[in-house]
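What follows is a short report on a single structure.
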Amino acid sequence: MKRIPLLAAVSLMTLTVFAQASYSQERTPSAPGAEVYFVGLKDGAKLANPVTLHFGLKGMGIAPAGIKVDNTGHHHLYIDTDLPADMSQPVPAIENKVMHFGKGQTEVTLTLPPGKHTLQLVLADALHVPHNPPVVSKKITVTVTK
């Protein structure tokens, strides 16, 4: 087992804490009045598989992940889960719970198990970090019938 000298370990921890602190301070601003929403989908809707969701955006534009352009971002879809309390960190990728649309996609077709599901959109910047203030849709509930 290789040992790291104490000074090197402390230096590494200090750099990590500093990087995290500066990272969360450099959040990309959102445009005033920006909104993200589901197009043509209302809370309480009944749907059949395959489900096609269309993402709408007002007041900002779409750019793929990794491409930094003012007042742009890309979509993330939260399925049956809540948004994180700390919106200063990158959106996680969680199978069947949080989907990333880093190529700039504005729709998705997917199969959901029959039953009730919650859906919510978050727009995030080139590094997958929600804007400041966050641009999030209302959480809606849909029922998949088959």
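Values quoted throughout were computed directly from the atomic coordinates according to the rules given, and no laboratory measurement underlies them. Note that the structure is a prediction, hence the values are computed from the model and not measured. Counting neighbours? That spans all protein chains shown, and the Cβs are built from the backbone with ideal geometry, glycine included.
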| task | Sticking with the crude label model, points 7 Å out along Cα→Cβ, report the distance from Val39 to Ile94 in nm, one decimal please. | result | 2.8
| field | Order of Leu123, Leu47, Leu110 - criterion: other Cβ atoms within 10 Å of each residue's Cβ, fewest first | value | Leu110, Leu47, Leu123
| remark: Within the under-15-Å Cβ sphere about Pro32, not counting Pro32, Lys/Arg +1 and Asp/Glu -1 give a net charge of -1
| query | Over the alpha carbons of the stretch 6-144, what is the largest minus smallest coordinate on each principal axis, giving the biggest first in Å? | reply | 59, 32, 23
| task | Pop the C-beta distance of Asn71 and Thr143 into the FRET formula with R0 = 35 Å and round what comes out to the nearest 0.05. | result | 0.50
| query | In debye to the nearest 20, how big a dipole does the stretch 6-144 give about its Cα centre with +1 on each Lys and Arg Cβ and -1 on each Asp and Glu Cβ? | reply | 300
| task | Mind checking which lysines have their Cα closer than 18 Å to the Cα of Lys42? Skip sequence neighbours fewer than 8 apart in that chain. | result | Lys58, Lys116, Lys138, Lys139
